[in-house]
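*Asks:* Below is one structure. I have some questions about it.
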Amino acid sequence: MSDGQDRQDGGAPLEIEVEGLRKTFGRREVLKGLSFGVPRGGFLSIFGPNGAGKTTTLRVLATLLTASAGTVKVAGHDVREDPMPVRRAIGLISHNAMLYPDLTAQENLRFYADMYGLTDADERISDLLERLELSARRYDVVRTYSKGMRQRLAIARAVLHRPRVLLLDEPHSGLDPRAVDILDGLLAEIRDEHTFVMVTHNIAKGLEWGTKLMIIEGGRIAYEHAAGVDHDAFSAVYREHVHDGSVL
Amino acid sequence: MGGWAQFKAIVRKDLIRELRTRDMLVSMILFVILAMIIFHYAFTVEEGSDLTWFTGGMLWVTFIFAMLLGLNRSFAQEKDERCLDGLLLCPVDRVTIFLAKTAGNLVFLLIIQAVAVPVFALFFIERSFLGDLLPFLVVLLLADLGICSLGTLLATISMNTRSRDLLLPILFLPLIVPVLIAATGATTLIFAEGTGFGSLAMRMLFLLGFDAVFLVAAWGTYDFAIGE
């Protein structure tokens, strides 16, 4: 096949293709040959214990880490050979906000809008701040925000440039119930237009959103299944594959 | 997306942040003023001692150590809340990041120098060098560009290490010696004798060459330096 977008998974072309992904830090091999695909519009939920390689996988997809071996394509572009279109196509929401604490919400979003070359930056920023209930605090420096408010602003930063693919690294971590509701509401709103990969310890959330479920353990895929597994059954599978894992 | 717009966005962001917090500027200005006071008492042993031939050295050693303070802080803020990840996720050429960070550091160093040089002149320079201001400014800019381009590259390399506070001076100080020698020589000549571009040409060319070498080196290596 000539292009990643030609490949199909259940009818839809693949938005994310990973073949034989390996990642080594020094002598330690963290990823040991992962292969998977996510169709356009799909939602892959990745579970696994700490240190399994989940976040490393996400950071390779986000072009923040370079694969030691294997090929990774996002939105039809090789992340190593052609990273710029990949960066335009992705948004990353992590438990780290990636916001400058000494800038205001408006200044942070304006900075990222300029970096992505948005032509409708002012309207887009106002719209997102309104939807995320941050308009009243838009001119306050982020250092004065609560954890939940920072995370909401981080969501605005991640979706500001209208990415096709959203990478979520423990997005519900540390959020208060109100912020969880806002995040879930926003995800529901944009669910149909995006492809998602979410790394999470929260099995309930992973099952709720995922169209495809995956457990990574020791840098390998230990389990892969289409959605439709109930919580108890998946928890049992998780315990079977991850000996020290606690499930939520 | 134009690299120029991204360059401006990064510089503007760094300037807004610094002017709001004054983290770097206050510590650098305090350091420079205190260093000059210490030099003043350390070298003025006898009334009427002629310090003219030490002036260039005193000035540039002070600026280089002040810049070390600033360089450590300029990348520490990018590590806060993993802002560097946010920057690296943007579709921006890594060289644009280097040039913008270098430009930001250059602005901060020039602000320090705008405060420090008049104070230094008051303490140590007996003759007026206003007539030689243009060659002095050219030397200042060329040396500053070398200090900031090398400093930005090395601060980037060291920021991901556990011992970055130690690694940066260990890498930076030996490599900046050529700039120190050329800038010190040129500045001392200006302060002591008042000299035109003619007798400073070789030193200026040397500084220009150093700047070019490290700008090109950063051009080729910055993607790797700022990566993993």
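*Asks:* What accessible area per residue comes out for the protein assembly as shown, rounded to a whole number of Å², with a 1.4 Å probe?
*Replies:* Per-residue accessible area for the protein assembly as shown comes out at 42 Å².
*Asks:* Picking from A:Ser135, A:Thr104, A:Ser94, whose Cα lies most toward the positive end of the charge dipole for the protein assembly as shown (charges on Cβ: Lys, Arg +1; Asp, Glu -1)?
*Replies:* A:Ser94
*Asks:* At 7 Å along Cα-to-Cβ for each site, give me the label-to-label distance between B:Thr161 and A:Asp122 in nm.
*Replies:* Simple spin-label model gives 4.7 nm for this pair.
*Asks:* Measuring from label point to label point, each 7 Å out along Cα→Cβ, what is the B:Leu30 to A:Glu81 span in nm?
*Replies:* For B:Leu30 paired with A:Glu81, the spin-label model returns 5.4 nm.
*Asks:* How large are Rg and Dmax for chain A when only the alpha carbon atoms are used, in Å?
*Replies:* Here Rg and the maximum Cα pair distance are 18.0, 51 Å.
*Asks:* For every helix of n ≥ 4 consecutive DSSP H residues, a contribution of -39,500 (n - 2.57) applies; sum these over chain A, divide by its total residues, and give [θ] at 222 nm rounded to the nearest 500 deg cm²/dmol. The partial results should precede the final answer.
*Replies:* On the way: 8 runs with 83 residues, N = 248.
Calculated at 222 nm, the ellipticity per residue is -10000 deg cm²/dmol.
*Asks:* Filter the trypsin sites (Lys or Arg not before Pro) in region B:1-104 to those in DSSP coil with at most 14 other Cβ atoms within 10 Å of their Cβ, and list the result.
*Replies:* Values: sites: B:Lys8, B:Arg12, B:Lys13, B:Arg17, B:Arg20, B:Arg22, B:Arg73, B:Lys79, B:Arg82, B:Arg94, B:Lys101; in loops: B:Arg22.
Sites meeting the loop and neighbour criteria: B:Arg22.
*Asks:* While we're looking at this one, here's another question. For B:Lys13, list the aspartates and glutamates whose Cα falls under 12 Å from its own Cα; do not include residues on the same chain fewer than 8 positions away.
*Replies:* B:Lys13 reaches A:Asp102, A:Glu107, A:Asp114, B:Glu78.
*Asks:* Quick check: at a probe of 1.4 Å, how many percent of the accessible area of the protein assembly as shown sits on carbon and sulfur atoms? Mind dumping the intermediate values first?
*Replies:* On the way: 11720 of 20050 Å².
Roughly 58 percent of what the probe reaches on the protein assembly as shown is carbon or sulfur.
*Asks:* Still on this structure, please answer the following. Once ligands and nucleic acids are excluded and a 1.4 Å probe is used, how much of A:Glu240 is accessible, expressed in Å² to the nearest 10?
*Replies:* 130 Å²
*Asks:* If I take R0 = 35 Å and measure r between the Cβ atoms of B:Leu110 and A:Arg162 in this structure, what FRET efficiency does the formula 1/(1 + (r/R0)^6) give, to the nearest 0.05? Intermediate values should be presented prior to the final figure.
*Replies:* On the way: r = 39 Å, r/R0 = 1.11.
E between B:Leu110 and A:Arg162, to the nearest 0.05, is 0.35.
*Asks:* Quick one: compute a quarter of the convex hull surface over the Cα atoms of region B:3-226 and quote it in nm².
*Replies:* Hull-based average projected area comes out at 12.6 nm².
*Asks:* Stretched out fully, how many nm does the piece from B:Val213 to B:Ile170 gain, at 0.36 nm a residue minus the Cα gap?
*Replies:* Residue separation times 0.36 nm, minus the Cα-Cα distance, leaves 13.5 nm.
*Asks:* For region B:93-228, count the residues as N, evaluate 2.2 N^0.38 Å, and divide the Cα radius of gyration by that value, please.
*Replies:* Ratio of Rg to 2.2 N^0.38 Å for region B:93-228: 1.14.
*Asks:* Ok, one more. Normalised radius of gyration for region B:1-105, please: alpha carbon Rg relative to 2.2 N^0.38 Å, two decimal places.
*Replies:* 1.43
*Asks:* Pulled fully out, how much extra length does the chain show between A:Ala69 and A:Asp230, if you take 0.36 nm times their separation in residues and subtract their Cα-Cα distance?
*Replies:* Difference between extended and current length: 54.5 nm.
*Asks:* May I have the pair-distance distribution P(r) for the protein assembly as shown, computed from all Cα-Cα distances with 10 Å bins from 0 and rounded to whole percent?
*Replies:* With a bin width of 10 Å, the distribution comes to 4, 18, 25, 21, 14, 9, 6, 2, 0, 0.
*Asks:* With each label point set 7 Å from Cα along the Cα-Cβ vector, what nm distance links A:Arg27 and A:Thr144?
*Replies:* In this crude label model, A:Arg27 to A:Thr144 measures out at 5.3 nm.
*Asks:* For chain A, modelled as a Gaussian network with Cα springs under 10 Å, which listed residue fluctuates most, A:Arg88, A:Arg137, A:Arg27?
*Replies:* Largest GNM mean-square fluctuation: A:Arg27.
*Asks:* If I take R0 = 41 Å and measure r between the Cβ atoms of B:Phe54 and B:Ala76 in this structure, what FRET efficiency does the formula 1/(1 + (r/R0)^6) give, to the nearest 0.05?
*Replies:* Using R0 = 41 Å, I get an efficiency of 0.80.
*Asks:* Given R₀ = 30 Å, what would the calculated FRET efficiency be for A:Glu130 paired with A:Asp192, taking r from the Cβ atoms and rounding to 0.05?
*Replies:* Plugging the Cβ-Cβ distance into 1/(1 + (r/R0)^6) gives 0.90.
*Asks:* Answer rounded, prolate or oblate for region A:136-216, using the Cα gyration tensor with square roots of eigenvalues a ≥ b ≥ c: rounded when a/c is under 1.5, else prolate when a/b is larger than b/c, else oblate.
*Replies:* On the way: a/c = 2.20, a/b = 1.55, b/c = 1.42.
In terms of gyration-tensor shape, prolate.
*Asks:* Name the shape class, rounded, prolate or oblate, that the alpha-carbon gyration tensor gives for region A:177-227, where a ≥ b ≥ c are the square roots of its eigenvalues, rounded holds for a/c under 1.5, and otherwise prolate holds if a/b is larger than b/c and oblate otherwise.
*Replies:* Judged from the Cα gyration tensor, region A:177-227 comes out prolate (a/c at least 1.5, a/b above b/c).
The values are calculated or read from the model by the stated rules, or taken from the named source; none is laboratory data. None of these values were measured; they are calculated from a predicted model. Here the Cβ is made from the backbone with ideal geometry for all residues, glycine too, and neighbour counts use every protein chain on show. Heavy atoms of the whole protein, side chains included, go into the accessibility calculation; ligands, DNA and RNA do not. Shrake-Rupley method; radii C 1.70, N 1.55, O 1.52, S 1.80 Å.
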